[in-house]
1. Would you please name the trypsin sites (Lys or Arg not before Pro) within the stretch 169-217 that are DSSP coil residues with at most 16 other C-beta atoms within 10 Å of their C-beta?
2. Chymotrypsin sites (Phe, Trp or Tyr not before Pro) within the stretch 168-210: which are DSSP loop residues with at most 16 other Cβ atoms inside 10 Å?
3. Measure up 36/135; 168/192; 36/224; 130/168 against 26 Å on the Cα-Cα distance and list the ones that go over.
4. Please report, in Å, the Rg and the Dmax of the stretch 108-171, where both are computed over Cα atoms only.
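Only the coordinates and a few stated rules stand behind these numbers; no lab work does. Keep in mind the model is a prediction, meaning the values are calculated, not measured. Cβ coordinates were reconstructed from backbone atoms using ideal geometry, including for glycine residues, and neighbour counts include every protein chain displayed.
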Amino acid sequence: MARTEGPRSLYNGLVAGLQRQMSFASVRIGLYDSVKHSTPRALSARNGVFGEERQKMSASPSGHCLLGSSTDAGIGSRLLAGSTTGALAVAVAQPTDVVKTLLPSVGTSPNIARNAIVNCTELVTYDLIKDALLKANLMTDDLPCHFTSAFGAGFCTTIIASPVDVVKTRYMNSALGQYSSAGHCALTMLQKEGPRAFYKGFMPSFLRLGSWNVVMFVTYEQLKRALMAACTSREAPF
């Protein structure tokens with residue numbers, strides 16, 4: 001494309017892509033911490049096991065727990081938060097997806113399922129890797145830790161997302177009536193092509209998701225710190 005159409009062709013649809021990411025990322029990342037901590041709190045409100053967590057939350061400048069910080073939230077709460085915010089985000093961003101890729105409306109359900117899985121993997125693995133690095137005192141909460149956690153999250157996400165992406169693409173590009181559902185498409189692929197068919201194009205997918213996760217999480221952490229510092233200085237100007 002760069003040779004025949006020029007470098008600018010690589011950025012076709014940039015405006016639609018930015019609109020999609022602004023609506024998608026703001027929901028899935030912005031709500032993750034809130035959902036992660038509200039889920040166990042709602043389940044355990046009667047016995048008050050979150051007194052210690054509330055102290056941790058009040059100790060942070062922003063008044064809430066931070067992504068990847070050491071908290072009482074378990075793996076179940078994180079998985080539920082990741083899948084919930086991912087599904088909600090793609091439901092909000094679906095109109096921009098249709099505009100961006102001109103997909104038919106039949107792709108809504110596979111798109112929601114795919115993004116719920118990918119969002120859950122990205123956020124939860126980043127959260128867990130960062131939490132483990134900080135608890136083991138291997139790294140401090142700074143740029144190298146964010147980069148390492150994001151790179152690991154990108155690799156884990158590619159492993160989980162590749163089969164979903166392959167099935168989604170095959171299902172949405174199939175002739176009408178060829179597959180009764182995405183599950184039927186996956187089963188047909190497994191029977192006819194074997195398990196390796198689900199990982200076609202793994203390296204390009206890893207390069208895309210890996211670089212995306214590094215840029216997204218590193219940028220998010222720096223913006224979060226800048227906003228927290230600005231809020232702190234505004235509350236205590238002297």
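1. When the trypsin sites (Lys or Arg not before Pro) of the stretch 169-217 are filtered for loop state and at most 16 Cβ neighbours within 10 Å, 200 remain.
2. Of the chymotrypsin sites (Phe, Trp or Tyr not before Pro), not one in the loops of the stretch 168-210 has a Cβ with at most 16 other Cβ atoms within 10 Å.
3. Violating the 26 Å limit, Cα to Cα: 130/168.
4. Cα radius of gyration and Dmax of the stretch 108-171 are 14.1, 45 Å respectively.
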